[in-house]
Amino acid sequence: MLKFSIFAFAVLVGVNAAAVQQESKVPAGFHGYWEPDLKLCGTFKGDGRLVISADQLHFYESIGPVKAVLVESSQDAIVVAQLRGEGETWLAHRHFRLSEDTNTLTDVLEHGNVIRHRCPANSPH
């Protein structure tokens, strides 16, 4: 049932379902610590922080396990995660797009995109 629902979801968000592969893990190219401004890496001062691993999304005020991933290409994926934060739990979808050099991650949103930069691997997060 989840697989059918995910593909139906792909159609609803405007992704070509025929060109999409469903995965259970976030592809390695998306993994890492991301900030809107590289100067914020490791400072814990920004509220745009995002850490992506194979099976989890961790935003500034929410965290949760990945439930499904739709991969359109090595640089374009939709991640469905069950996030929790501030006493609430919700199912969220995020459309992530990597730049050609994989150092910039665009969070494609309905009302304006959020662009984050890959922080150095040794940055505390």
Review point. Separation of the range 86-125 and the range 38-69 by C-alpha centroid, Å?
Key: 8 Å
Check your understanding: Between K45 and S73, what FRET efficiency follows from the Cβ-Cβ distance if R0 is 41 Å, with the result rounded to 0.05?
Key -> 0.75
Revision key, fill the gap. Rounded to the nearest 0.05, FRET efficiency between S123 and S24 (Cβ-Cβ, R0 25 Å) equals 0.35
Review point. Projected area of the range 54-125, taken from the Cα convex hull and averaged over every viewing direction, in nm²?
Key: 5.6 nm²
Review point. Counting other Cβ atoms within 10 Å, which GluC sites (Glu not before Pro) in the range 26-125 have at most 14 and lie in a DSSP loop?
Key: E61, E86, E100, E110
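Rule-based calculations on the coordinates, nothing more; no lab input. Values in this document were obtained by computation on a predicted structure and should not be read as measured data. Reconstructed Cβ throughout: ideal geometry from the backbone, glycine too, with neighbour counts over all protein chains shown.
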